[in-house]
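Engineer: Just passing along the structure, written as structure tokens.
The values are calculated or read from the model by the stated rules, or taken from the named source; none is laboratory data. Keep in mind that what you see is a predicted model, and the values were worked out from it rather than measured. Cβ coordinates were reconstructed from backbone atoms using ideal geometry, including for glycine residues, and neighbour counts include every protein chain displayed.
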Amino acid sequence: MNEIIAVVFVIFVFLYQGVKVIQKNERAVLFRLGRFHGVLRPGIRFIMAGVDKVCLVNLPKHVPEWQSLSPEQLDQRVKDLVFHEPDPKRLAKGW
């Protein structure tokens with residue numbers, strides 16, 4: 001009976017460590033056995049505990065408004081930004 005409880009406990013611990021929640025302003029870089037394996041998008045993700053390592057990368061939430069000059073030297077407010085989403089692979093630690 002004690003062996004069954006120990007096995008169930010170990011399975012529970014591996015399942016608990018294998019669940020990762022990635023927020024909408026984050027990306028996660030997945031390393032499997034130390035090598036790049038992929039980029040995880042937001043949501044609930046399952047990884048192999050003890051084999052995979054996840055590095056979270058924060059993306060900007062809000063871009064502030066600023067002023068610029070148009071070619072005709074007129075002041076205008078810039079409200080939108082052409083946003084280039086950075087590559088999470090390069091932002092991960094060690095890259």
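Engineer: Sort through ILE22, ILE11, ILE44, ILE4 and tell me the only one that's touching a Pro at 6+ places or on another chain (Cβ under 6 Å) and at pLDDT 90 or above. Spell out the reasoning first.
Structural biologist: Details: ILE11 fails: touching a Pro at 6+ places or on another chain (Cβ under 6 Å); ILE44 fails: touching a Pro at 6+ places or on another chain (Cβ under 6 Å); ILE4 fails: touching a Pro at 6+ places or on another chain (Cβ under 6 Å).
The unique qualifying residue is ILE22.
Engineer: Among the residues of region 22-37, which ones are in contact (Cβ under 8 Å) with a residue 24 or more places away in the chain and either among the hydrophobic types (A, V, I, L, M, F, W, C) or surrounded by 13 or more Cβ atoms within 10 Å (Cβ to Cβ) (or both)?
Structural biologist: Here is the first cut: in region 22-37, the ones in contact (Cβ under 8 Å) with a residue 24 or more places away in the chain are 22, 25-31, 36.
Hits for region 22-37 are ILE22, GLU26, ARG27, ALA28, VAL29, LEU30, PHE31, PHE36.
Engineer: Turning to a different aspect of this structure: Return the pairs, sorted by first residue and then second, in which the second residue is of a type outside the set (Val, Ile, Thr) and in a strand (DSSP E or B), the first residue lies in region 38-52 and is touching a residue at least 40 places away in the same chain (Cβ under 8 Å) and closer than 11 Å to ARG27 by Cβ, the beta carbons are less than 6 Å apart, and the residues are 6+ apart or on different chains.
Structural biologist: Taking only residues 6 or more apart or on different chains, the pairs are VAL39/ARG27.
Engineer: Looking at region 25-37 only, could you name the residues that are modelled with pLDDT of 90 or more and among the small types (Gly, Ala, Ser)?
Structural biologist: ALA28
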